[in-house]
1. Looking at the stretch 98-120, I want the residues that are of a type in the set (S, T, N, Q) and have a partner that is assigned to a loop (DSSP other than H, G, I, E, B) with Cβ atoms under 8 Å, at least 6 apart or on another chain. Which pairs are those?
2. Gly38 passes all but one of (1) touching a residue at least 24 places away in the same chain (Cβ under 8 Å); (2) under 9 Å from the mean Cα position of the chain (by Cα); which number fails?
3. Being touching a residue at least 12 places away in the same chain (Cβ under 8 Å), in a loop (DSSP other than H, G, I, E, B) and within 23 Å of Ala97 (Cα to Cα) narrows it down to one residue among Tyr8, Tyr50; which is it?
4. Return the only residue of Thr32, Thr92 being among the polar types (S, T, N, Q), closer than 23 Å to Ala126 by Cβ, surrounded by 13 or more Cβ atoms within 10 Å (Cβ to Cβ) and in contact with a helix residue (DSSP H, G or I) (Cβ under 8 Å, 6 or more places away or on another chain).
5. When residues of the stretch 103-116 are filtered for being surrounded by fewer than 10 Cβ atoms within 10 Å (Cβ to Cβ) and not small (Gly, Ala, Ser), how many remain?
6. Write out, first by first residue and then by second, each pair whose Cβ atoms fall under 6 Å of each other, whose residues are 6+ apart or on separate chains, and whose first residue, in the stretch 12-33, is in a helix (DSSP H, G or I) while the second is among the small types (Gly, Ala, Ser).
7. So for the stretch 20-43 (the condition being on the phi < 0 side of the Ramachandran plot, among the hydroxyl-bearing types (Ser, Thr, Tyr), modelled with pLDDT of 95 or more and in contact with a strand residue (DSSP E or B) (Cβ under 9 Å, 6 or more places away or on another chain)), does at least one residue qualify?
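The values are calculated or read from the model by the stated rules, or taken from the named source; none is laboratory data. Fair warning: this is a prediction, and the values are worked out from it, not measured in the lab. Glycine gets a Cβ as well: all are built from the backbone with ideal geometry, and neighbour counts include every protein chain shown.
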Amino acid sequence: MPHLIVEYSANLEPDLDMAHVVSVLHEAALATGVFPIGGVRVRASRRDLYKIADGHPGNAFIHVQARIGAGRTPDARAQAAELIFARLKDVTAEVYASRAMGLSFEIVEIDPVGSLKHNNLHEAVARRAKL
């Protein structure tokens, strides 16, 4: 973990490279030092149906939810949240300066009861690192 789930308003696409935003958030999650590379997943979903604030069609949003495994200290969660959100603000700063836009971020700890996982990503990453 974490899984960073990015939702964004479709009206951002002409002005913001969302693939780049995904890459920046991935790098930010790793830069926290809190999450192992094999557990980081970042995905984005364009939202075509939305109404923001006063409903003006130029209003935009990006919301990032970090779903993480339980057990990290409140300080570790806060530091990770601050770093990732700072990178989100940096990568969107130009667009943010030119339009009405809401940015939000939250960390959600996943209850380990009922959270099932099966992957070989950690091993694959380790093998590739040795090449």
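1. The qualifying pairs are Ser98/Asp15.
2. So the condition that Gly38 fails would be (2).
3. Working: Tyr8 fails: in a loop (DSSP other than H, G, I, E, B).
Only one candidate passes the filter, namely Tyr50.
4. Numbers: Thr92 fails: closer than 23 Å to Ala126 by Cβ.
The match here is Thr32.
5. If we filter the stretch 103-116 for residues that are surrounded by fewer than 10 Cβ atoms within 10 Å (Cβ to Cβ), which is where we start, we get 111, 113-114, 116.
With not small (Gly, Ala, Ser) added as a condition, the list becomes 111, 113, 116.
Adding up the residues that qualify gives 3.
6. Leu12/Ala60; Met18/Ala44; Val22/Ala44
7. Yes.
A quick yes/no check of all residues on (1) under 20 Å from Ile5 (Cα atoms); (2) outside any strand (DSSP E or B); (3) not aliphatic (A, V, I, L, M):
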residue	(1), (2), (3)
His56	no, yes, yes
Leu83	yes, yes, no
His118	yes, yes, yes
Arg127	no, yes, yes
